[in-house]
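Written below as structure tokens is the structure these notes are about.
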Amino acid sequence: MVSQVTPYNTEAGKKKEVEDMFDNIAPKYDLLNHVLSMKIDVLWRNTLVKWMNKDHPKLVLDVATGTGDLAIAVQKGTGAKVVGLDLSQQMLNVGVDKIKKLKLDAEISMEKGDAENLPFENNKFDAVSVAFGVRNFEDLEKGLSELRRVVKENASVYILEFSKVEGFLAPFYMFYFKNILPQIGKLVSKDNRAYTYLPDSVNAFPFGEKMKNILLKTGFQKVEYKKLSLGIATIYKATK
């Protein structure tokens with residue numbers, strides 16, 4: 001069982017708090033994301049897309065799509081039709097505007113929905129992607145089971161998620177992650193808790209072999225993973 005870290009520590013439950021948090025920070029989310037990661041998040045997404053492109057998907061579901069960065073990268077990198085799904089309507093609104101400006105609205109559709117109760121039939125998608133979203137699931141195994149349910153047999157779910165830096169750089173990175181990043185996030189987003197929740201949730205979340213074992217337990221037949229940027233993030237490929 002993954003320990004529950006919530007954004008605001010209220011009685012509302014993790015799902016509602018995550019939705020509220022992303023609604024709150026949506027206007028500044030893209031700016032903060034790129035500044036705080038020094039745009040390395042773009043490289044991480046592109047690495048996922050290159051891996052996915054080997055499957056030649058025609059229809060992809062991007063769960064926890066947020067403002068659509070991964071949905072856009074998947075569409076451009078694979079030529080697939082993409083459905084983006086997210087809990088936060090405010091994040092989706094930003095994404096819809098972005099997609100319209102790029103004239104990709106015929107290729108990418110965005111809808112509000114819950115990753116743990118996906119509104120799609122079994123075996124519908126050629127691939128499923130999630131970037132920095134599974135950490136926010138209220139019930140991790142239920143959410144992963146839903147991702148598995150909607151992807152086709154022998155197709156894969158691609159998960160990009162924060163992990164933990166190992167080696168001599170670990171203490172320096174953790175100092176930035178726990179002390180500097182939350183202060184910048186608070187200053188720009190005006191949400192006192194959102195960017196404290198980020199390191200707290202990463203610290204509580206399984207990665208590497210533990211995450212691989214959870215995916216296998218969920219019913220995937222094969223799980224591979226790649227560490228990125230000294231372990232700051234990891235991409236998992238879980239095949240049904």
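Annotations
- Its Cα centre serving as origin, the chain has a Cβ charge dipole (Lys and Arg +1, Asp and Glu -1) of approximately 700 debye.
- For residue 84, the residues whose amide H sits under 5 Å from its own are 62, 109, 110, 111, ignoring neighbours fewer than 5 places away on the same chain, with H placed 1.01 Å from N.
- Convex hull (Cα only) mean projected area of the stretch 1-143, reported in nm² to one decimal: 8.9 nm²
- In a fully extended conformation the segment linking residue 53 and residue 139 would gain 28.1 nm over its present Cα-Cα distance, using 0.36 nm per residue.
- Listed values for the stretch 175-181 are Karplus-derived 3J(HN,Hα) couplings in whole Hz (6.51 cos²θ - 1.76 cosθ + 1.60, θ = phi - 60°), namely 5, 4, 5, 8, 10, 7, 4, and x replaces Gly and Pro.
- Segment residue 226-residue 43, length gained on full extension (0.36 nm per residue, minus Cα span): 64.5 nm
- For residue 154 and residue 103, the FRET efficiency from 1/(1 + (r/R0)^6), where r spans their Cβ atoms and R0 equals 35 Å, is about 0.55.
- Whole-Hz ³J(HN,Hα) from phi, Karplus 6.51 cos²θ - 1.76 cosθ + 1.60, for the stretch 57-66, glycine and proline x: x, 9, 9, 10, 9, 10, 8, 6, 5, x
- Beyond 24 Å in Cα-Cα separation lie the following of the pairs 54/112; 81/164; 76/98; 54/227; 15/58; 16/103: 54/112; 81/164; 15/58; 16/103.
- With protein chains left intact and a 1.4 Å probe, residues in the chain average 46 Å² of accessible area per residue.
- Bins of 5 Å from zero: percent of alpha-carbon pairs in the stretch 109-162: 5, 20, 29, 30, 14, 2
- Full extension of the chain segment joining residue 123 with residue 23 gains 32.9 nm, where the gain is 0.36 nm per residue of separation less the Cα-Cα distance.
The values are calculated or read from the model by the stated rules, or taken from the named source; none is laboratory data. Remember, it's a predicted structure, so these values are computed and weren't measured experimentally. Here Cβ is always computed from backbone atoms with ideal geometry, including for glycine, and neighbour counts include all displayed protein chains. All accessible areas refer to the heavy atoms of the entire protein, side chains included, with ligands and DNA or RNA removed. Shrake-Rupley method; radii C 1.70, N 1.55, O 1.52, S 1.80 Å.
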